[in-house]
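The values are calculated or read from the model by the stated rules, or taken from the named source; none is laboratory data. Quick caveat: nothing in here was measured; it's all calculated off a predicted structure. Counting neighbours? That spans all protein chains shown, and the Cβs are built from the backbone with ideal geometry, glycine included.
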Amino acid sequence: MRKRLTITKMKKMKQDRNAISVLTAYDYPSAKLAEEAGIDVILVGDSLGNVVLGYETTIPVTIDDIVYHTRSVARGAQQTFIVADMPFMTYGIGREATLRNAAKIMQEGGAQAVKLEGGVEIAADVSALVKAGIPVMGHIGLTPQSVHQLGGYKVQGKLDAEVEQLVKDAKALEEAGAFSIVLELVTEPIATMISEMLSIPIIGIGAGRGCDGQVLVYHDILQYSSPYFEKKFVKTYADIGTTIRNAIQSYVDDVKTGQFPEEEHVFNAQPAHIPSLYGGSSESSNLNITENKDLANKEVKLK
């Protein structure tokens, strides 16, 4: 059995240029498969709102949603480092509330760390969480919880002002004690620069090849959705959606045509029990069985 990563080991992986693999997972079987495949870190992202719960954004996701799904993931991946997102408006609303919400995710969900979106403006919260013994992963660039404020899902780091803010945010998070930062939809040169500038691991999603690790969504790499929308920064490793749809269609056809269930899918009762189920007496049942046996023996002798 492998040992779960620690934040110290992850920093060492950055130093050794040993890329960190991160994948989202939202339930027990997904987490178990990810762990068996050797994933380094599992992220229970609030992206579950989009890909599992059917919301248009991550904003409707609640802390109870995160706790529920994190608990499921923790049961499936007991040797993997698990990070859970703090949902919209569960932090940055006062120090006490932020600490209480993070503690709920850690204690009830079983995560080893929490992830917060934002930079300079949440640095004080990050510092408070770290001082309370809660490891924090930062998240800057495109921050889905602020999608309405950003004006949509846009690549960050194209303008000088955006670059300056990204650098400020990254430094503020590192100084506040974050053990890692996710950079989402950031131009590759800027993401590479930030990764080289900071001593903590930078995990990219749509941020190019210069990061210290990569994170993608479980359902994206497997095309486990319908319809599936192509994303430039995603590499597809299997088309599970089509496989599942075709399999279900085959099942429907078999049921409709009577090809399922077949003989190997059914269970047979002892002959003595069958007549009694239809109201027959045990005596008549035994007589019928005897008669059937005698008839069978005669047929055998005749052959």
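Evaluate the stretch 143-165: report whether one residue or more is within 17 Å of Phe81 (Cα to Cα), among the small types (Gly, Ala, Ser) and free of Cβ contacts under 8 Å to residues at least 24 places away in the same chain.
Taking every residue of the stretch 143-165 in turn, none turns out to be within 17 Å of Phe81 (Cα to Cα), among the small types (Gly, Ala, Ser) and free of Cβ contacts under 8 Å to residues at least 24 places away in the same chain.
I'm trying to understand the selection: among the residues of the stretch 200-225, which are within 15 Å of Ser47 (Cβ to Cβ) and crowded, with 23+ Cβ neighbours inside 10 Å?
Passing the criteria: Ile203, Ile205, Gly206, Val215, Tyr218, Asp220.
Please work out which one of (1) modelled with pLDDT of 95 or more; (2) within 21 Å of the chain's Cα centre (by Cα) is the condition Pro144 fails and give its number.
Going through (1) modelled with pLDDT of 95 or more; (2) within 21 Å of the chain's Cα centre (by Cα) one by one, Pro144 breaks only (1).
Every residue, every condition in (1) within 19 Å of the chain's Cα centre (by Cα); (2) in contact (Cβ under 8 Å) with a residue 24 or more places away in the chain, yes or no:
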site: Gly208; (1), (2): no, no
site: Val217; (1), (2): yes, yes
site: Asp239; (1), (2): yes, no
site: Gln249; (1), (2): no, no
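Regarding Ile244, is this residue out of contact with any Leu (no Cβ under 8 Å at 6 or more places or on another chain), within 22 Å of Ala31 (Cα to Cα) and of a type in the set (Val, Ile, Thr)?
yes
Would you check if there is a residue in the stretch 220-232 being touching a strand residue (DSSP E or B) at 6+ places or on another chain (Cβ under 7 Å) and in contact (Cβ under 8 Å) with a residue 40 or more places away in the chain?
Within the stretch 220-232, none of the residues are touching a strand residue (DSSP E or B) at 6+ places or on another chain (Cβ under 7 Å) and in contact (Cβ under 8 Å) with a residue 40 or more places away in the chain.
Can you tell me which residue among Ala191, Ala269, Ala207 is touching a strand residue (DSSP E or B) at 6+ places or on another chain (Cβ under 7 Å), part of a loop (DSSP other than H, G, I, E, B) and either more than 27 Å from Leu48 (Cα to Cα) or assigned by TED's automatic domain parsing to the domain that holds Gln15 (or both)?
The match here is Ala207.
Being touching a helix residue (DSSP H, G or I) at 6+ places or on another chain (Cβ under 9 Å) and within 22 Å of Val217 (Cβ to Cβ) is the filter here; which residues of the stretch 92-116 pass it?
Passing the criteria: Ile105, Gly109, Gly110, Ala111, Gln112, Ala113, Val114, Leu116.
List, please: which pairs have Cβ atoms under 8 Å, are six or more places apart or on different chains, and start with a residue in the stretch 97-108 that is within 14 Å of Asp64 (Cβ to Cβ) and end with one that is modelled with pLDDT under 95?
none
Suppose the filter is of a type in the set (Asp, Glu) and surrounded by fewer than 16 Cβ atoms within 10 Å (Cβ to Cβ); does Glu188 pass it?
Considered against the rule, which asks whether it is of a type in the set (Asp, Glu) and surrounded by fewer than 16 Cβ atoms within 10 Å (Cβ to Cβ), Glu188 comes out as yes.
In the stretch 186-231, what residues are at pLDDT below 95 and either within 25 Å of Gly157 (Cα to Cα) or in contact with a Leu (Cβ under 9 Å, 6 or more places away or on another chain) (or both)?
Start the filter on the stretch 186-231 by keeping residues that are at pLDDT below 95, which leaves 225-231.
Scanning the stretch 186-231 gives Phe229, Glu230, Lys231.
Can you tell me which residues in the stretch 115-141 are assigned to a helix (DSSP H, G or I) and either outside the structural domain of Gly45 (by TED's automatic domain parsing) or under 22 Å from Val22 (Cβ atoms) (or both)?
Ile122, Val126, Leu129, Val130
Just to be sure before I move on: is Lys32 charged (D, E, K, R), within 20 Å of Val215 (Cβ to Cβ) and either over 10 Å from the mean Cα position of the chain (by Cα) or not in a loop (DSSP other than H, G, I, E, B) (or both) in the structure I sent?
It is true that Lys32 is charged (D, E, K, R), within 20 Å of Val215 (Cβ to Cβ) and either over 10 Å from the mean Cα position of the chain (by Cα) or not in a loop (DSSP other than H, G, I, E, B) (or both).
In the stretch 67-108, what residues are surrounded by 20 or more Cβ atoms within 10 Å (Cβ to Cβ) and outside any helix (DSSP H, G or I)?
Ala77, Thr80, Phe81, Ile82, Val83, Ala84, Asp85, Met86, Pro87, Phe88, Thr90, Tyr91
Return the pair list, or none, for Cβ contacts closer than 7 Å from residues in the stretch 6-24 that are in the same structural domain as Val52 (by TED's automatic domain parsing) to residues that are in a loop (DSSP other than H, G, I, E, B) and β-branched (Val, Ile, Thr), at least 6 apart or on different chains.
Hits for this filter: Lys11/Ile200; Ser21/Ile39; Leu23/Ile39; Thr24/Val217.
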